Amino acid sequence: MIGFPILFAVSIAAGFVGAMAGMGGGVVLIPFLTFFGLPIKSAIAVSMVSVIATSSGAASAYVRDHITNLKVGMFLEMFTIVGAFVGARVTVAANPRWLYLAFGAVLLISWAVLLLRRDHDWSAPAQQDGFSRWLELEGSYPDQALNRMVNYRATRAAAGGALMWGAGFIAGLLGIGAGALKVLIHDLVMGLPPKVSTTTSNLIIGVTALSGASVYLVDGFVKPDLAAPVILGILPGAWLGTRLLVRLRNEAVRRFFLVVLALLGIEMLVRGIRG
């Protein structure tokens, strides 16, 4: 049995990483829980609950700071909710070993793409397609690091929605929020600034996780004695992450995301190889 103090401390770290990188804290929680002998499906279920807590702790602060784009978030949530439900049903019914391997490979490929683009500063898309314009997926946010307002317009909303279904499927399947994929879709497909990508991802992952967690709860994989300390630790960790992110430059946020993405991809590959 994992002691409360240790689980609480790890959950704080998980909440911090989740808020900073725009993903749930499963990248920290799942390896820790399985190392101490918790079955992988139960670890995924507890991690899914932690994603809800991470999003609750971080999303409200980002909305208050006017960084999150609510229209983008609510549009994409429609796709991630369905994907997460389907992904959770697959996990309950099947051995996810080969999916771990595939997911790790996808994350490392995504990491390589972002690494090649690391010297490219963000710039608003030259044109906005008609569907994105009709949805009014645009906005501005106050950037404390640049000391000015940053204006932007999202594009390729239809492609973003389709890809978000896949991200939601991965979230429900692996219990990690799939914030890594969501941030990539926001950044590379829809042209959002890194800070908007991260904060909007934090909003989406909570709703996504709620869909997946409902499946695990019904099937009895959520253990309250583990979920309670995880939630108590996730919330202050997520708050610390939000306070730091708003003071960083976009380039620093992207570098942090690259590190987390690489670690997550390697973790998934190792988990799949070990079976």
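The values are calculated or read from the model by the stated rules, or taken from the named source; none is laboratory data. Please read all numbers here as calculations on a predicted model, not as lab measurements. Cβ coordinates were reconstructed from backbone atoms using ideal geometry, including for glycine residues, and neighbour counts include every protein chain displayed. Ligands, DNA and RNA are excluded from the accessible area calculation, which covers all protein heavy atoms including side chains. Shrake-Rupley method; radii C 1.70, N 1.55, O 1.52, S 1.80 Å.
Collect residues whose amide H, placed 1.01 Å from N in the peptide plane, falls under 5 Å from the amide H of GLU138; neighbours closer than 5 in sequence don't count.
ALA154
Rounded to the nearest 500, what is the 222 nm mean residue ellipticity of the chain from helices alone, with -39500 (n - 2.57) per DSSP H run of 4+ residues and division by all residues?
For the chain, the value works out to -24500 deg cm²/dmol.
Given Cα pairs under 8 Å that are at least 6 residues apart, what percent is the relative contact order of the chain?
Across the chain, relative contact order equals 40 percent.
Which angle between 0 and 90 degrees, to the nearest 10, do you get for helix 26-35 versus the longest principal axis of the chain when only C-alpha atoms count?
Long axis of 26-35 versus the principal axis of the chain: about 10 degrees.
Quick one: Cα centre-to-centre distance for the stretch 131-192 and the stretch 220-275, in angstrom?
19
What is the stretch 149-244's relative contact order, in percent, from Cα pairs under 8 angstrom and six or more apart in sequence?
Answer for the stretch 149-244 is 26 percent.
Helix 224-245 versus the longest principal axis of the chain: what is the Cα-based angle in degrees, 0 to 90, to the nearest 10?
20
Pull up the cross-link candidates among the lysines for LYS182, meaning alpha carbon to alpha carbon under 21 Å and not fewer than 8 places away within one chain.
Hits, sequence-local ones excluded: LYS71, LYS195.
Can you give the accessible area per residue of the chain, in Å², using a 1.4 Å probe?
Roughly 42 Å² per residue, with all protein chains present.
Would you please give the residues with an amide H less than 5 Å from that of ASN69, counting only those at least 5 places away or on a separate chain, with H modeled from the backbone geometry?
Amide H to amide H, under 5 Å and 5 or more residues apart or across chains, ASN69 pairs with THR200.
Please go through the stretch 24-60 and write out the chymotrypsin sites (Phe, Trp or Tyr not before Pro) that DSSP classes as loop and that have at most 14 other C-beta atoms within 10 Å.
PHE36
Enumerate the calculated ³J(HN,Hα) couplings along the stretch 165-175 in order (Karplus 6.51 cos²θ - 1.76 cosθ + 1.60, θ = phi - 60°), each rounded to whole Hz, writing x wherever the residue is Gly or Pro.
Karplus values, whole Hz, x for Gly and Pro: 4, x, 5, x, 4, 5, 4, x, 6, 10, x.
Angle check, please: helix 40-64 long axis (alpha carbons) against the longest principal axis of the chain (alpha carbons), in degrees 0 to 90, nearest 10.
30
Please report, as a whole percent, how much of the solvent-accessible surface of the chain comes from carbon and sulfur atoms (probe radius 1.4 Å).
About 68 percent, which is the carbon plus sulfur part of the accessible surface.
Modelled label-to-label distance, ARG89 and MET149, 7 Å Cα→beta-carbon offset: nm?
With each label point 7 Å from Cα toward Cβ, the separation is 4.6 nm.
Convert each backbone phi in the stretch 182-188 into a coupling constant with the Karplus relation 6.51 cos²θ - 1.76 cosθ + 1.60 (shift: θ = phi - 60°), then list the ³J(HN,Hα) values in order as whole Hz, x for Gly and Pro.
4, 5, 4, 5, 4, 6, 7
So how compact is the stretch 1-78: Cα radius of gyration and Dmax in angstrom?
When restricted to the Cα atoms of the stretch 1-78, Rg and Dmax are 14.1, 43 Å.
Rank ALA158, ALA53, ALA167 by mean-square fluctuation in a GNM of the chain with C-alpha springs under 10 angstrom and give only the top-ranked residue.
ALA158
Could I have the simple spin-label model distance between LEU232 and TRP134, label points 7 Å from Cα toward Cβ, reported in nm to one decimal?
So the label points at LEU232 and TRP134 sit 5.1 nm apart.
For the stretch 130-275, report the translational diffusion coefficient in µm²/s to the nearest whole number, using Stokes-Einstein at 10 °C, 1.306 mPa s, and a Kirkwood Rh over Cα pairs.
93
Kindly provide the Kirkwood hydrodynamic radius of the chain in Å, to one decimal, from all pairs of distinct alpha carbon atoms.
Averaging 1/r across every pair of different Cα atoms and inverting gives 18.1 Å.
Please give every one of the lysines within straight-line cross-link reach of LYS223, meaning a C-alpha to C-alpha distance under 26 Å, and leave out same-chain neighbours fewer than 8 residues apart.
In chain and number order, the partners are LYS41.
Considering the alpha-carbon set of the stretch 67-116 alone, what are its Rg and its Dmax in angstrom?
14.7, 39
Report, by chain and number, residues whose modeled amide H sits under 5 Å from the one on VAL150, excluding near sequence neighbours (fewer than 5 apart, same chain).
Hits under the 5 Å cutoff: TYR141, ASP143.
Please report how far the C-alpha centroid of the stretch 59-80 lies from that of the stretch 6-51, rounded to the nearest whole angstrom.
Using only Cα atoms to place each centre, the spacing works out to 23 Å.
For the chain, set up a Gaussian network in which alpha carbons nearer than 10 Å are linked by springs, and say which option among ASP65, ASP225, ASP143 fluctuates the most.
With Cα springs under 10 Å in the chain, the top fluctuation among ASP65, ASP225, ASP143 is at ASP225.
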